[in-house]
1. With chain B rotated onto chain A, spot the residue of B whose Cβ lies nearest the axis and note the distance in whole Å.
2. Summarise the accessible area of segment A:42-147 (1.4 Å probe, protein heavy atoms) by the percent that is carbon and sulfur.
3. Distances in nm, one decimal, shortest first, from A:Asp37 to the same residue in every other copy, taking the label point 7 angstrom along Cα→Cβ.
4. With each label point set 7 Å from Cα along the Cα-Cβ vector, what nm distance links B:Ala92 and B:Lys78?
5. Please average, across the residues of A:27-36, the number of beta carbons from any other chain that are within 10 Å of each residue's own beta carbon, and give a whole number.
6. If I require 15 Å or longer along the helix axis, counting alpha carbons, and a Kyte-Doolittle average no lower than -1.0, what helices from chain B are left? Use full DSSP H segments.
7. Distances in nm, one decimal, shortest first, from B:Asn134 to the same residue in every other copy, taking the label point 7 angstrom along Cα→Cβ.
8. With label points built 7 Å along Cα→Cβ from the Cα atoms of A:Asp69 and B:Asp133, find their separation and express it in nm.
2 protein chains.
Amino acid sequence: MKKVTKKELSACPDCACFNIRKASRVITQVYEEAMSDTGLRGTQFTVLVVVAIHESIIITSLAEKLVMDRTTLTRNLKPLEKQKLIEIIPGADRRTRAVRLTAAGHEMLVIALPLWKKAQQKVAKFMGSERLDNLIGELRALEKIAVLP
Amino acid sequence: MKKVTKKELSACPDCACFNIRKASRVITQVYEEAMSDTGLRGTQFTVLVVVAIHESIIITSLAEKLVMDRTTLTRNLKPLEKQKLIEIIPGADRRTRAVRLTAAGHEMLVIALPLWKKAQQKVAKFMGSERLDNLIGELRALEKIAVLP
DNA sequence: TTACTAAAGGTGTATATACACTTAAAATCA
DNA sequence: TGATTTTAAGTGTATATACACCTTTAGTAA
């Protein structure tokens with residue numbers, strides 16, 4: 001029976017996928033802890049913000065802005081809709097559906113935004129602003145790999 | 001009714017949580033596409049590797065190595081167990097349970113490791129090795145924020 | 001030794017994620 | 001115009017994630 005050697009395995013802890021998912025778990029907890037009074041999850045906050053920026057945006061476009069699979073977004077919208085923070089309205093033609101914030105959604109952002117800012121500042125303080133900015137820039141560069149064949 | 005201004009929202013796309021989760025989605029797809037012949041998910045590959053490195057490791061320790069909530073790991077072990085890639089054996093005392101690879105688990109790593117390496121090289125080529133190493137280092141530094149109060 | 005505390009683990013519940021597949025409507029082509 | 005293709009969206013299924021809560025067992029203190 002074949003077995004991989006310890007030596008071969010030794011490179012795996014430097015896996016980009018492992019390290020980014022790991023950091024993602026940790027950072028998500030930092031932000032969700034900061035926003036725990038609102039009950040908003042990290043992803044939910046992001047969705048609300050992008051919807052707020054666009055006033056009204058169709059689902060496929062929103063998914064593109066979020067770099068998120070469209071079917072994932074469909075599911076992610078559900079809890080926000082249940083909480084009546086967003087509403088789904090008819091789009092330009094009969095195929096499309098658009099998302100927009102409700103009044104409650106706007107109010108939620110008023111509460112959540114300072115809490116988010118606190119989390120962002122905590123992270124910036126921990127890493128240093130410049131290092132954090134650079135890290136985010138590198139993540140943006142990395143994600144461009146998505147379009148490659 | 002209060003509303004946040006566009007100006008206030010303009011900082012949010014620089015959210016560390018958003019950007020790291022976004023990059024995490026993209027990179028996960030790169031690795032899973034590369035390993036699609038095996039049917040292994042990114043997380044599953046990582047679990048197999050860490051278990052292989054430790055021969056046998058109790059669940060709580062494994063969760064710590066993975067920087068993953070223990071209850072998440074419990075769930076993540078299920079599909080690996082169902083595929084008989086790992087087995088759960090009694091630990092040192094009656095509270096503990098340990099994870100170890102089966103023969104099939106070892107064989108799977110023999111197949112998956114070169115596929116993983118190809119993905120890792122693709123990412124390294126895209127970003128540049130040095131930049132990628134630096135990025136991973138920064139992610140490791142960032143995740144240290146977990147222990148803070 | 002008994003009672004309390006700490007450690008290890010699992011379950012209920014809810015959200016996040018995406019692939020394969022399906023349906024419906026719009027756009028384009030022959 | 002009618003047929004084909006493209007676009008938008010939802011569902012089924014499976015995995016990933018973690019909090020709150022519970023049970024069992026081990027360790028420790030009174």
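1. Nearest-to-axis residue on chain B, with distance in whole Å, is B:Ser24, 2.
2. Heavy-atom surface of segment A:42-147 belonging to carbon and sulfur, 1.4 Å probe: 53 percent.
3. 5.4
4. Here the modelled spin labels are 3.0 nm apart.
5. Whole-number average of other-chain Cβ neighbours for A:27-36 is 4.
6. B:16-34, B:42-54, B:103-127, B:129-143
7. 0.6
8. Roughly 3.4 nm, to one decimal.
The values are calculated or read from the model by the stated rules, or taken from the named source; none is laboratory data. Computed from a prediction, not measured in an experiment: that's the story for all the values here. Cβ coordinates were reconstructed from backbone atoms using ideal geometry, including for glycine residues, and neighbour counts include every protein chain displayed. When the accessible area is computed, the model is the full protein with side chains, heavy atoms only, and any ligands, DNA or RNA have been set aside. Shrake-Rupley method; radii C 1.70, N 1.55, O 1.52, S 1.80 Å.
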